[in-house]
Amino acid sequence: MAECVNSELPKQDCTSPSPTETVCLDSLCAENNPGTSQNNLNQVISLDEDDDYDIEAVERIEKSNFLNELGLIKDCEDEDDDREENWEDCTDQDFSEDLVETFDEASSSEEISYSLSATPRSSQLKRSNSDSIERILRKRKLDVNNGFPCKKLPTESPTMSTNESSTSNSSVYSSTASSPSLSGGATTPGGRPRAIIPTKDNPPPLMAEWLARFVAWSNAERLMAVNELIARCEPTQVRHMMQVIEPQFQRDFISLLPKELALNVLAFLEPKDLLRAAQTCRSWRFLAEDNLLWKDKCRQAGIDEVPRKRGAARSPGPHMSPWKAAYMRQHAIEMNWRSKPIRPPKVLKGHDDHVITCLQFCGNRIVSGSDDNTLKVWSATTGKCLRTLVGHTGGVWSSQMSGSTIISGSTDRTLKVWDADTGVCIHTLYGHTSTVRCMHLHGKKVVSGSRDATLRVWDIETGNFLHVLVGHLAAVRCVQYDGRLVVSGAYDYMVKVWNPETEECLHTLQGHTNRVYSLQFDGVHVVSGSLDTSIRVWEVETGACKHTLMGHQSLTSGMELRNNILVSGNADSTVKVWDIVTGQCLQTLSGPYKHHSAVTCLQFNGRFVITSSDDGTVKLWDVKTGEFVRNLVALDSGGAGGVVWRIRANDTKLVCAVGSRNGTEETKLLVLDFDIDLNVTSIVSR
């Protein structure tokens with residue numbers, strides 16, 4: 001390796017090396033030309049003058065470096081620097097600065113020395129610099145082609161050549177000036193046009209053509225174009241699309257439909273949803289008030305007629321449908337039963353310490369029969385005793401009521417027909433030879449069953465005896481009459497079906513193994529409850545036993561049958577709900593809130609079951625779910641002798657016959673009112 005000759009002269013800038021500097025061949029070979037070996041060194045140094053030496057390129061580099069030191073850069077007038085390609089995003093200043101920086105980096109990283117005897121402008125320098133220039137040009141062109149952003153040179157920049165400046169500016173201004181919709185005549189402080197926000201009145205130039213092409217496409221092409229457009233949108237633009245599109249689907253189709261179709265749609269809504277829909281707008285309210293629409297809702301809820309009671313039928317608004325008012329009233333009453341605070345009951349006292357054996361409730365009249373030989377007529381509204389029916393010489397154990405007519409049966413073996421309005425005994429019916437224990441009234445005829453094992457048919461208008469039905473072997477305990485057939489159950493374990501007109505026993509229904517205490521008859525099915533703990537379902541036409549309902553543990557003391565749904569109360573303290581068509585037990589009303597003693601009586605409608613018990617309580621149950629709702633009555637003496645013997649209920653009132661077996665509870669009637677207030681404005685809020 002040759003030795004380096006150190007120069008005594010002060011070091012100058014590497015971009016303009018002096019010919020008097022010492023050249024270190026090792027540094028030159030190792031740093032500037034790392035690929036040049038020692039064997040090639042002499043060849044590099046001894047290049048002849050005939051080599052392709054571009055002196056003009058080297059002079060331009062020297063000139064550029066000099067101007068860089070002074071802070072002034074002038075454009076190189078190189079005709080081969082590719083500026084004719086009109087790079088609008090790149091400036092000569094950028095090019096010069098990049099070129100100068102490249103040489104500065106190369107000079108600072110190299111220790112360039114020149115031999116005293118060498119030519120100051122060697123071909124080595126020429127080749128390295130020429131290669132660097134070409135690399136810079138190629139890199140800059142590649143950046144532009146790839147879309148890399150470059151600085152924009154102001155029009156008044158002194159580094160841009162006059163020809164290029166005028167050419168580029170003229171092209172820009174001509175393009176913007178030809179499109180006034182883009183510039184709008186506004187310019188920047190430098191004189192350049194300023195773009196404005198496009199509007200409906202000032203759209204982009206190609207908008208109409210683009211839309212016309214879109215309209216000409218088929219549906220599939222439009223869908224594809226929309227998909228591609230959305231894929232290329234930014235989130236803010238997609239959000240704007242949603243804000244524009246969503247209102248298009250918020251159409252009031254109910255108001256646009258014909259009335260018949262709109263009502264057909266609204267018929268699928270629940271009543272509570274109809275009430276909400278009525279608050280939407282005037283047209284929806286008009287439709288939601290349709291009388292036939294609410295009549296159908298009332299039919300589904302078991303409301304068969306519009307209440308005629310003055311005040312109860314009064315509606316909150318002048319245009320409310322009468323059927324809607326009836327439904328709202330019914331709903332308000334149901335809420336009173338379920339959850340509203342229970343009003344203090346009316347207390348009706350009059351039978352002293354005797355037992356209330358039978359109870360009837362019709363309209364606003366309550367009739368109670370007792371073993372004190374009397375019946376009392378009460379006003380369900382005021383709670384006053386209207387009159388006492390005196391005439392029996394024995395305890396009253398059965399009764400029936402229709403309108404103002406009352407029929408009673410007694411241990412004195414007679415039946416009496418009373419006028420409830422006057423308290424007068426119209427007829428006394430003689431014929432039975434023992435206690436009249438049960439009876440059933442249908443129209444103007446009543447069928448009575450006695451401990452003498454017979455049944456008798458009477459005309460209550462004339463008081464005439466019509467027929468006697470003989471065939472049971474023991475006391476008749478229960479009877480049902482639908483105007484065509486008579487069904488009776490007795491202590492002889494048998495149920496009989498009779499034709500009262502011919503006095504013929506059509507069927508003897510055998511199967512029970514103990515006394516029959518309760519019956520239900522709907523014209524098709526006969527349901528009998530016995531002390532043998534079973535309940536049997538019979539077909540009345542054939543006399544066949546269709547189902548035997550097992551599950552109770554003791555005597556079935558009371559039953560109610562509605563629409564093939566049977567509710568049975570038992571002395572085992574449970575209540576069960578059955579489907580008599582399938583024989584399936586739907587619900588057992590028990591659980592932690594069940595009665596703690598025998599169920600004495602029950603009432604049943606389409607929504608509730610009301611049960612009374614020997615434990616002194618009256619409970620409300622949901623018939624569909626079997627859930628306990630709440631206690632309607634809970635005697636203080638409950639569990640210590642207080643008993644609820646009988647209950648009767650209608651839609652708005654509950655009557656309970658209360659007493660005790662040991663004198664701990666006074667005999668009385670409790671009347672609970674669940675009707676709504678006459679101020680029905682509160683219905684709407686509920």
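The values are calculated or read from the model by the stated rules, or taken from the named source; none is laboratory data. Note that the structure is a prediction, hence the values are computed from the model and not measured. Reconstructed Cβ throughout: ideal geometry from the backbone, glycine too, with neighbour counts over all protein chains shown. With ligands, DNA and RNA removed, areas are computed over all heavy atoms of the protein, side chains included. Shrake-Rupley method; radii C 1.70, N 1.55, O 1.52, S 1.80 Å.
For TRP621, the criteria (1) open to solvent by less than 10 Å² (accessible area, probe 1.4 Å); (2) within 15 Å of ALA649 (Cβ to Cβ); (3) in contact with a Lys or Arg (Cβ under 9 Å, 6 or more places away or on another chain) hold in every case but one, which is (3). May I ask you to verify whether ALA313 is within 22 Å of LEU672 (Cα to Cα), open to solvent by 30 Å² or more (accessible area, probe 1.4 Å) and at pLDDT below 95? Yes: the conditions hold for ALA313. Note on region 217-256: residues that are outside any helix (DSSP H, G or I), open to solvent by less than 90 Å² (accessible area, probe 1.4 Å) and modelled with pLDDT under 90 total 1. Of the residues making up region 583-618, those that are part of a loop (DSSP other than H, G, I, E, B) and open to solvent by less than 40 Å² (accessible area, probe 1.4 Å) are GLY583, HIS595, SER597, ALA598, ASP615, GLY616. The set of residues from region 364-414 being touching a residue at least 40 places away in the same chain (Cβ under 8 Å), within 13 Å of VAL655 (Cβ to Cβ) and assigned to a loop (DSSP other than H, G, I, E, B) comprises ALA380, GLY383.
Might you let me know whether region 443-452 holds any residue that is at pLDDT 95 or above, touching a Leu at 6+ places or on another chain (Cβ under 8 Å) and of a type in the set (Gly, Ala, Ser)? Checked region 443-452: at least one residue is at pLDDT 95 or above, touching a Leu at 6+ places or on another chain (Cβ under 8 Å) and of a type in the set (Gly, Ala, Ser). Scanning region 465-479 for residues that are under 54 Å from the mean Cα position of the chain (by Cα) and open to solvent by less than 30 Å² (accessible area, probe 1.4 Å) yields a total of 2. Is it the case that region 499-510 has a residue that's open to solvent by less than 30 Å² (accessible area, probe 1.4 Å) and either under 29 Å from LYS576 (Cα atoms) or in contact (Cβ under 8 Å) with a residue 60 or more places away in the chain (or both)? Yes, that holds for at least one residue.
Kindly establish whether ALA474 is free of Cβ contacts under 8 Å to residues at least 12 places away in the same chain and on the phi < 0 side of the Ramachandran plot. No; evaluated as a whole, the condition is false for this residue. Scanning region 265-288 for residues that are assigned to a helix (DSSP H, G or I) and open to solvent by less than 90 Å² (accessible area, probe 1.4 Å) turns up VAL265, LEU266, PRO271, ASP273, LEU274, LEU275, ALA277, SER283, TRP284, LEU287, ALA288. State all residues of region 565-576 that are of a type outside the set (S, T, N, Q), open to solvent by less than 40 Å² (accessible area, probe 1.4 Å) and not in a loop (DSSP other than H, G, I, E, B); if no residue qualifies, say none. Residues satisfying the conditions are LEU566, VAL567, GLY569, VAL575, LYS576. Scanning region 283-306 for residues that are without any contact (Cβ under 8 Å) to a residue 24 or more places away in the chain and closer than 15 Å to LYS259 by Cβ turns up ARG285, PHE286, ALA288. Condition test on ILE535, is it buried (at least 23 other Cβ atoms within 10 Å of the Cβ) and either under 19 Å from SER557 (Cα atoms) or of a type outside the set (S, T, N, Q) (or both)? Considered against the rule, which asks whether it is buried (at least 23 other Cβ atoms within 10 Å of the Cβ) and either under 19 Å from SER557 (Cα atoms) or of a type outside the set (S, T, N, Q) (or both), ILE535 comes out as yes.
Table: residues versus (1) touching a His at 6+ places or on another chain (Cβ under 8 Å); (2) more than 24 Å from GLY529 (Cα to Cα); (3) not aliphatic (A, V, I, L, M).
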{"site": "VAL567", "(1), (2), (3)": "no, no, no"}
{"site": "VAL577", "(1), (2), (3)": "no, no, no"}
{"site": "THR600", "(1), (2), (3)": "no, no, yes"}
{"site": "GLN603", "(1), (2), (3)": "no, no, yes"}
{"site": "GLY641", "(1), (2), (3)": "no, yes, yes"}
{"site": "ARG646", "(1), (2), (3)": "no, no, yes"}
{"site": "LYS653", "(1), (2), (3)": "no, yes, yes"}
{"site": "THR664", "(1), (2), (3)": "no, yes, yes"}
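Once region 634-668 is narrowed to residues that are under 45 Å from the mean Cα position of the chain (by Cα) and open to solvent by less than 10 Å² (accessible area, probe 1.4 Å), the residue that is nearest to GLY558 (Cα to Cα) is ILE647.
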